[in-house]
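Here is the structure we will look at.
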Amino acid sequence: MEAITRQELYEKIWKHPLKQIAEELGTNYIELVRVCENLNVPRPPQGHWHRLKLGLPIESVPLQEPDPDTPKEAVLGKKAKEKTTTRPVLKETQSPGKLAEPILSAKPAQPNPATAPKPTQSQDPSDSQASPATEAILNRIRQTSSIDFWADSLSWEFNQWSLASLLKLPKEHGRSMKSLLSEFMKVRKEYDSFTVETRTGVSRDPDSLQLSIRIKDGFEWRDVWEEAWKSTDVPSPHFLTDNAAKLLQWVRSEKNSREFTDQNKIGRQANLRGSYQEIADLFKEIQAKVKPRLVVEEEGWGGPFKAYFAEVQPRYFDIGPLNPPLGLSLREVEHGELMRFKRWLYAELQRIDFPRNNEFVGIFEVADRRIVKACFSDWPTGFSWDDKIREFFDSLRLMPGICIHCLFESGPGPWLVTCSLSEGWTWSRVKEWLREQQSMPPLRQRYGLSEHGAALLEWIVGLRPEEYLGRLTPVVEDHIELDIGVEMDWPEENIPAYLAMLVEEINEKTEFDLLLQSWQQHGNAETRIRVKHKPSEMDSLVRAIQLFGLSRNKMLDAEPIKAAVDALLSSC
C-alpha cells in the first residue's frame, strides 16, 4: 500500500476515468471516491468523458488550497475482490479521430400525414368541466419535467397524504382515503394520445393508488403534453412545466450574464419552486421542447451552468443521421447481431459519397418512439441500462481506420451513435480496404476449413497488433462466443480440447503455424494461441544454405542468396 498526495490524485483522475485509476492504484471505485472527498479533490462530473469524446465544451475544476484540517495524502487499501459497478466513459472501437466542427443543423423530419395516427372520438378535455381528480391528473402530466422519450408509460403511487396534495386540499380536509380513492377511480380514462389507469392495492399498502399514463401507438410524449395543456386556463406555448417556463424566461432575460452561473443563483433569480438540484433536468426539458435548441454548458456536477441560444446550432456529424431500421436487439450482446450491424455499416460506408474525405457519419440520432422501435427491437432496462447498450457498440470489432462514438442518456434524448476516421485515415482509404477484403474469397472457401475453424482463423487474422502479447493472442475463452462466434455443447473445461482440434485443422490446411499455450489468469487455467507462419520453400532453402555456410565458417546474408537462386531459376 502506497500513499498518494492530493496533487498526484488530482492529476490522475482528470487524465483517466476513476475506474481505470482505481485499478491502477490497486483499489476500487468506492474507496477512490471516498479518498477524493476526504482530500477535498474535485472529480470530473458525470458525463465529462462522454462530452470530451464528442467534442463538447468541458472545463476542469481547479484544485483549491486545502483547509487546515484537510489531509495532504491518503493510503489506499487493497483492490476489492468484487467488481464495482460504475458508469463507464464513452469508448471507441479504435483510436479516436478528429471531432467534427459544428455545422448548421438540418431541419427535423416532418411527420408523414399518411401514417400519422388519427385522433379518437374521445371528448376534448376542454369541452366540459373536468372533475377535480381528472384535472389533477392532467396537471401532473403538465408538470412532469423529464420523461424517457422511448417509454410506453408513466406511473406514480399515492397514499392518502399525497392524493390530498395532488388535489390541492387543505391540511384539515377531513376526507377519508376511501372517498379519495373513489373519486380517482371515476376519472376520465380515454384521451386521443393516451389512456389513464388507476389501480388500488398494488403495493404493500392496500389503500395506496397506482396511477399510470399509457401512451397510445403512433404518438409521442409531445402529443401527450399538448393534449394535457389544452384544457388549462393558462396555456404554455412550449408545453413547459412551470419551473422550466421560469427558467426559459431567465435564459432570455438580462439576468442571464451568458457566463457560468451557480445553480443556486440561477434558481433564486428565476424564482424556481422546490429544489434547485433539478435545474439540469429543467435545461434538458427546454432543449427538448423549445426551438432553436438551447445550448447548455456545465462546468461540474450540479453546475455552474452557462445557457444561451446559439446563432449556429451545433451538430456533430456531417452525413446522416442514417437511422437504419435494422431492429437490432441490444438487450444482450450477441455475435450474430454484431456481425449484422457490421455488414450493414461496411456496405453503407462504401455507398456514401464523402466530398471532403474526412466527414463524421451520424449512424443513429434517435429521439422519438417510432424511430427507436424501428432501429432497435429491444434494449436493456433497469440499473445501468445505458452501460449495457454501450457495451454492444464497444464490442464491435471493426476494421482499422474507423471508430464508433456513442451517447445514451435518459430523458428526452437523443440517443447518438456516430462513426469517424482514425488518425491518418481517409474515407477513400477505408473504401479501398473494404474493396480489397471483398475481392478475397472467404477463409472457409479459400482453405476448405470447417465453419468453426474459419471463424477462429478470421478472429486471429483480424486482431490488431496492440491486442497481441508478443506472439500470443488474447485469452481465447474470453472471446470464443461473442467475437469468434463459436458455440458448442462441450463442457467449459473441455474448450482447450476443442480448440486443439481447430488449431490442428488450420495448421494442416493453411500457411499458419499455430500452437495452443496454457495460460493462468485470475487463478483459472485458460488458453492463448501462439501465432506464426510456416516457412516458405524459399525460406527453407535459404536457411539450409546459411547453415552450410556456417559449416564453412561463412556468414551468408539471406538477400544475396535469394537473388542468386532467382537468377539461377531465371537462366534455366
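Tabulated values for the structure
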quantity: Estimated [θ] at 222 nm from DSSP helical runs (n ≥ 4, -39500 (n - 2.57)) normalised by residues in the chain, nearest 500; calculated: -10500 deg cm²/dmol
quantity: Extent along principal axes [Cα atoms of the chain; Å; largest to smallest]; calculated: 112, 69, 53
quantity: Cα gyration tensor category, rounded, prolate or oblate, for segment 521-566 with a/c compared to 1.5; calculated: prolate
quantity: Per-residue Cβ neighbour rank within 10 angstrom, fewest leading, Met399, Met501; calculated: Met501, Met399
quantity: Nearest-0.05 FRET efficiency for Gln64 and Tyr498, computed from C-beta distance (R0 51 Å); calculated: 0.30
quantity: Among 486-499, 294-307, 139-152, the order from most to least packed when residues are scored by Cβ within 10 Å on average; calculated: 294-307, 139-152, 486-499
quantity: Segment 280-423 shape via C-alpha gyration tensor axes, a/c threshold 1.5; calculated: oblate
quantity: Ascending count of other beta-carbon atoms within 10 Å, so fewest first, for His16, His405; calculated: His16, His405
quantity: Greater than 26 Å apart at Cα, pairs in Lys509/Lys532; Lys289/Lys373; Lys284/Lys342; calculated: Lys284/Lys342
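Only the coordinates and a few stated rules stand behind these numbers; no lab work does. Computed from a predicted structure; not experimentally measured. Don't worry about glycine lacking a Cβ; one is built from the backbone with ideal geometry, like all the others, and counts go over all protein chains shown.
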